[in-house]
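Worksheet: the structure to be examined is printed underneath.
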Ligand code: CDP
């Protein structure tokens with residue numbers, strides 16, 4: 001049976017995690033942050049494990065095991081995300097999740113294009129590099145006061161470039177997606193805008 005799937009893609013710190021979670025709560029849908037899958041493999045890679053084997057053996061209860069928000073894990077995630085075999089190994093888990101009842105919200109980079117090309121609703125959230133780096137800086141600064149804004153900005157820029165230019169499932173807005181720029185929106189405004197669009201479409 002085809003469940004209602006909402007695909008929310010976009011670059012780092014565009015607000016997709018917060019928006020996706022809020023939408024899933026409003027609709028009582030299941031929610032998967034697919035970045036966590038890549039971050040979990042990135043964390044294993046930093047521990048010395050082979051990324052393809054780690055992806056083939058990923059256990060969903062490992063997703064909360066590591067301190068996955070760390071910037072070095074985000075960087076490692078974007079490196080292992082280049083490997084086609086890693087992406088292929090994670091595909092089935094994501095597709096299976098998308099079929100959960102009564103519906104699912106998945107956020108990532110390639111949900112609307114590759115993971116769930118038939119999703120009923122596709123959204124691409126974006127924002128300027130500066131706005132995104134500022135948000136991520138505020139978030140990470142709560143845990144690590146020594147973190148520098150310039151470092152975060154450079155890391156996000158590097159990750160964006162890698163995500164956009166990789167040959168396997170590059171980050172791109174699906175042609176049938178609705179694009180929202182959240183640079184000048186508060187998180188509440190972003191949630192409201194996206195939610196009212198979803199209500200129109202659902
Ligand atoms: O939270 P943030 O947007 O910074 O990153 P994330 O969504 O947790 O993703 C971390 C990294 O995983 C990204 O930079 C991508 O390289 C990779 N990723 C991917 O390739 N495909 C996805 N569907 C999700 C994440």
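Nothing in this text is a laboratory measurement; each read-out follows from the coordinates by a stated rule. Keep in mind that this is a model prediction, so the values were computed, not measured. Using ideal geometry, Cβ is built from the backbone for each residue, glycine included, and neighbour counts are taken over all protein chains shown.
Between residue 189 and residue 72, the distance separating the two model label sites (each 7 Å from Cα on the Cα→Cβ line) works out to 3.8 nm. The gain in end-to-end length when the residue 64 to residue 147 segment is fully stretched comes to 27.6 nm, 0.36 nm per residue minus the alpha carbon separation.
Over the chain, dividing the summed -39,500 (n - 2.57) contributions of all DSSP H runs of at least 4 residues by the number of residues returns a 222 nm mean residue ellipticity of -15500 deg cm²/dmol.
For region 1-103, the alpha carbon positions stretch 40, 29, 22 Å along the principal axes, listed from largest to smallest.
Residues 24, 78, 167, ranked from the fewest to the most other C-beta atoms within 10 Å, line up as 167, 24, 78.
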